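Taken together, the values in this text are just the output of simple stated rules run on the coordinates, not laboratory data. Model, not experiment: these values are computed from the prediction. For neighbour counting, all protein chains shown are included, and Cβ atoms are generated from backbone atoms with ideal geometry for every residue, glycine included.
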Amino acid sequence: MHTADVVIIGGGIVGSSIAWHLTSAGCKNVLVLERESSQGKGSTGKSMGGVRAQFSTPVNIQLSLYSIPFYARFDEVLDHPSGYRPQGYLFLATQDSHLAYLRANFDRQKALGLQTVELLQSDDIRKMLPQLRSDDLLGGSFCSTDGFVDPYSVMTGFMARATEQGVTLWRSAEVTGISVDQNGVSGLETSRGPVTTRVIVNAAGAWAAHVAKLAGVNLPVEPLRRMLIPSEPFDDFPHSAPMVVDLSSGFHFRPEGRGFLLAWNDPEETTSFNTNFENSFIEKVLLHAADRVPVFDNLAINPKRCWAGLYEMSPDHHAILGSVPGVPGFFLANGFSGHGVMHSPATGKILADLILYGKTKVVDDISVLGFERFGKGELLHETAIL
Ligand SMILES: Cc1cc2nc3c(=O)[nH]c(=O)nc-3n(C[C@H](O)[C@H](O)[C@H](O)COP(=O)(O)OP(=O)(O)OC[C@H]3O[C@@H](n4cnc5c(N)ncnc54)[C@H](O)[C@@H]3O)c2cc1C
């Protein structure tokens, strides 16, 4: 029978970060269970890789204030490329309500110590990206340390160093049962045999509710399809551009390779595990794209290169981090609602802190992300969901 001090269910970017942070803090006997034959087949390998500190709630801003500087040092600390490119995020406002929202966020971000964010006039935006249609722009905000990473490379970097530090990774190991006794979690059933442990971390992404159920916990995390459209090579828009977010439509895009990666969150999408890409989506997105970036009328798209993956939505679109009252030893790192790549460094540190010391300093008050908030009706409110 295999015995581990900590078992992490899920070998995506979140499970890998937790494994690295735990072993870096001295906890060596860690087992990661991944049901697929290789890592990255969940949401991590499908992500757009955007990282930003431009959030509206203090806790999301603080998760980014740990994570983005971490990405800036990642290559040096982990001796592995993160692909961090600080090309910024540019939010475009076309209504007074957008401006008020960006200004309030800016004040909150500054107060928490983010130095690289600025509010822009519409003329500043015209100078920055003259290719944008700007007749309706009222202003915007830009943060130069926001940008993109390579999620797959970050995940493999975390896991490579974690295994050198003592972590065991079992691939093709699906967790099918979790046992609980009077002292809390006591072990797991897996497709590769039973495991004994007193600490389990649920890092199962969009499948987290199934895993929680095995421990008798009703976790409100639901899968939601997101589709991405890469363009063919295109040189009539700068490849040094930031992630551009049009608040009027929700359309956003960033440079990717020699082309651009286009995204739009279809409000008609409903909860499901469907990850089929629908070709009709291309036309919907191209309408928004050409409306804001007239030269994108000439973008070429190969439908075969487009893909879909799953967001892991929580009821208030914030992560659910920490222990579960009533099930000692069962920890959650779930519900990132589309921000799990950018917040994986902070999540790894927080989970390691909570498991080893019972507290963390990464954010002022980690209890706001606790599972208990749903029972108490203390939900958070974040309006910028991308
Ligand atoms: C199209 C798209 C764009 C995105 N863009 C961004 C972005 O720009 N920025 C950002 O920060 N985030 C983005 N995200 C979200 C981000 O990809 C996720 O939040 C993140 O990858 C979650 O990581 P994870 O490790 O929790 O989950 P995953 O990568 O899904 O890993 C979970 C793992 O658990 C395994 N698993 C599940 N059940 C079991 C079981 N019973 N036993 C064993 N293993 C199990 C799965 O096989 C999987 O490998 C995007 C997501 C999508 C789909």
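Exposure proxy check: M243, M313 ranked by fewest other beta carbons within 10 Å?
Working: M243 25, M313 19.
So the ranking, lowest neighbour count to highest, is M313, M243.
For the pair H80 and K41, what calculated FRET efficiency results from E = 1/(1 + (r/R0)^6), where r is the Cβ-Cβ distance and R0 = 22 Å, to the nearest 0.05? Mind showing how you got there, number by number?
Values: r = 20 Å, r/R0 = 0.91.
It comes to 0.65.
Between S280 and T116, what's the calculated FRET efficiency when r is the beta-carbon distance and R0 is 35 Å? Round to 0.05.
Values: r = 39 Å, r/R0 = 1.11.
Using R0 = 35 Å, I get an efficiency of 0.35.
Give me M48, M155 sorted ascending by neighbouring Cβ count inside 10 Å, so fewest comes first. Working shown, then result.
Values: M48 20, M155 25.
Neighbour counts put them in this order, fewest first: M48, M155.
Taking amide H atoms as placed 1.01 Å from N in the peptide plane, list the residues 5 or more away in sequence, or in a different chain, whose amide H sits under 5 Å from that of T190.
T176, V195
Using a simple spin-label model with points 7 Å from Cα along the Cα→Cβ vector, what separation in nm is obtained for D236 and Y357?
So the two model labels end up 5.5 nm from each other.
Taking a ≥ b ≥ c as the square roots of the eigenvalues of the Cα gyration tensor of the range 17-70, is the shape rounded (a/c under 1.5), prolate (a/b larger than b/c) or oblate?
Details: a/c = 3.06, a/b = 1.35, b/c = 2.27.
It is oblate, given that a/c is not under 1.5 and a/b is not larger than b/c.
Order by neighbour count: T44, T275, fewest other Cβ atoms within 10 Å first, most last.
Details: T44 26, T275 16.
If I rank by nearby Cβ atoms, fewest first, I get T275, T44.
Taking the Cβ-Cβ separation of V295 and S24 as r and a Förster radius of 35 Å, what is the calculated FRET efficiency to the nearest 0.05? Let's see the in-between values first.
Values: r = 46 Å, r/R0 = 1.31.
Calculated transfer efficiency: 0.15.
Relative to the present Cα-Cα distance, how much length would full extension add between R192 and D107 at 0.36 nm per residue of separation? Don't skip to the end; give the middle numbers.
Working: separation 85, 0.36 × 85 = 30.60 nm, distance 5.13 nm.
Contour length minus the Cα-Cα distance gives 25.5 nm.
From the phi angles alone, apply the Karplus equation (6.51, -1.76, 1.60; θ = phi - 60°) to the range 298-315 and give each ³J(HN,Hα) in whole Hz, x where the residue is Gly or Pro.
So the Karplus estimates, Gly and Pro as x, are 9, 5, 9, 10, 9, x, 5, 8, 7, 8, 9, x, 10, 7, 10, 7, 9, x Hz.
How large are Rg and Dmax for the range 161-248 when only the alpha carbon atoms are used, in Å?
Cα radius of gyration and Dmax of the range 161-248 are 20.6, 64 Å respectively.
Please list the non-local residues whose amide H lies under 5 Å from the amide H of E256, H modeled 1.01 Å from N, same-chain partners needing a gap of 5 or more.
L261
Helix-only estimate, please: 222 nm mean residue ellipticity of the chain, summing -39500 (n - 2.57) across DSSP H runs of length 4 or more and dividing by its residues, to the nearest 500.
Details: 9 runs with 109 residues, N = 386.
Helix-only estimate at 222 nm: -9000 deg cm²/dmol.
Report the residue, chosen from G358, G322, G370, that carries the largest GNM mean-square fluctuation when the chain is represented by alpha-carbon nodes joined by springs under 10 Å.
G358
Just to be sure I understand: if I project the alpha-carbon convex hull of the range 204-320 onto a plane and average over all orientations, what area do I get in nm²?
8.3 nm²
Label N183 and W307 with points 7 Å out from Cα along Cα→Cβ: what is the distance between them in nm?
If labels sit at N183 and W307, their model points lie 4.3 nm apart.
Residue by residue through the range 93-108, which ³J(HN,Hα) values in whole Hz follow from phi under the Karplus form 6.51 cos²θ - 1.76 cosθ + 1.60 (θ = phi - 60°), with glycine and proline marked x?
Each residue of the range 93-108 in turn: 9, 10, 9, 4, 5, 5, 4, 4, 5, 5, 5, 4, 4, 4, 4, 5 Hz.
With a cut-off of 12 Å, note down the residues of the range 254-290 whose backbone N falls inside the zone around a label point 7 Å from the Cα of R133 toward its beta carbon.
Within reach of a label on R133, which here means backbone N under 12 Å from a point 7 Å along Cα→Cβ, the range 254-290 contributes 287-290.
Quick check on the chain: of the DSSP beta bridges with both residues there, what percent are antiparallel, nearest 5%? Don't skip to the end; give the middle numbers.
Values: 42 of 61 bridges.
Among the beta bridges of the chain, antiparallel pairing accounts for roughly 70 percent.
So how much slack lies between K213 and T168, counting 0.36 nm per residue of separation and subtracting their Cα-Cα distance, in nm? Write out the running numbers ahead of the final one.
Details: separation 45, 0.36 × 45 = 16.20 nm, distance 2.47 nm.
Result: 13.7 nm gained on full extension.
Rounded to whole Hz and in sequence order, give me ³J(HN,Hα) for the range 127-139 from the Karplus expression 6.51 cos²θ - 1.76 cosθ + 1.60, θ = phi - 60°, writing x for Gly and Pro.
Values per residue, Gly and Pro as x: 5, 5, 9, x, 6, 7, 6, 10, 4, 9, 6, 9, x Hz.
Along its three principal axes, how long is the chain when you only count alpha carbons? Whole Å, largest extent first please.
Principal-axis extents of the chain (Cα, largest first): 65, 45, 40 Å.
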